[in-house]
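One structure is given here, and the rest of the page talks about it.
No value in this document is a laboratory result; all are computed from the given coordinates. This structure is a prediction, so every number in the text was calculated from the model and none was measured. When we count neighbours, we look across all protein chains shown, and the Cβ atoms used for this are built from the backbone with ideal geometry, even at glycine.
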Amino acid sequence: MKLVIGINILFLQLIGLTCLSQVDSSIIPPPIRIYVGNKIIDSTTVRYWDPKLSYHWTGEDTTTINYYDKINDKDLSELFVSDSMMVSYGGSKFAKIKRCEFLGFIGNNYQRFYVHFTSISKNNKGQNEYIVFGKTKVMGTICNFSGVLNIYKVLLSNFVYNSDHRSGIMNCHIKLYEDSSKLSSGQITGILSIGFSMDKEGNVGYCLDGPSIYEAVIGKWTSYKTHQSLICNWGIDRIPGSYCWGCDIPSGWEVFDTGAGYFWPNDYIKNNGWDNYRDVFSQDKKLSEQAIEIENETWWK
């Protein structure tokens, strides 16, 4: 049985597995520091992925061009919602792998948060605007949502891999409205960032070795009823605001994601929806197989 889960894509390919798949000042998560570029910053201060801080570029030429207007000529719907992902590594031709499901958390206790886009279509009446439908799941409660995704920044590297591919960064505003008839429903706002690759024919897919992330959201969920907000982040492979790369953790601080090269939820948070994820890697073969089956459930159908 193939595991479908969000660990480092290249690592999973090597071992024969397939991957799954604006915080405001009023939201104060536990003290977790994350490493962004050459700066160590408190996770409570992160508002969006800034290309000058959050990405690295591979190659001699690290300059970029503004590709915002030109990207409007393309329909990127398949990039977000198709069952498969087109990926490139080191300027290789695009390869198709099973789409990764997101890993996510909501709230100060890092409760596991599931989100799946079921449909995205381009709105030809607005520049770089897409209409979004999908579902969320928290603690077994599933809720439909609809919303809008607006691309507002696109940078394309001038460095060309193997005379074929160039990597890029795409930042998007998202606003998702959950079904208000459901208990504990609300709206999600935030910034979605994608590291992409473009070949010489203009085809767009995910870039595995240019920008340092594949797809990630820093956002907040706000209750319709109470108007209170919770941090709500998700991503492919890793979750923004949950890890620390190359930094010393001060005494008394904790890091949610303690994995080296892959996502691994800390022991102290495992009972907030992460126990099954951890069971996938159990030495108990039966327990691991059961956990894999649960992780692979298409809960949104």
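Across segment 127-144, the residues whose backbone nitrogen lies under 14 Å from the label position 7 Å along the beta-carbon direction of Thr118 are 132-137, 142-144.
Provide the gained length on full extension for the span Ser282 to Ile131, in nm with one decimal, where the gain is 0.36 nm per separating residue minus the Cα-Cα distance.
Values: separation 151, 0.36 × 151 = 54.36 nm, distance 4.02 nm.
Taking Ser282 through Ile131 to full extension adds about 50.3 nm, to one decimal.
Go through Lys137/Lys301; Lys70/Lys175; Lys137/Lys270; Lys70/Lys200 and tell me which ones have a Cα-Cα distance over 21 Å in this structure. In this structure, Lys70/Lys175 lie more than 21 Å apart at Cα.
Proximity of backbone amide H atoms, modeled 1.01 Å from N, is registered between Tyr152 and Asn171, Cys172, His173 at under 5 Å, excluding neighbours fewer than 5 places apart on the same chain.
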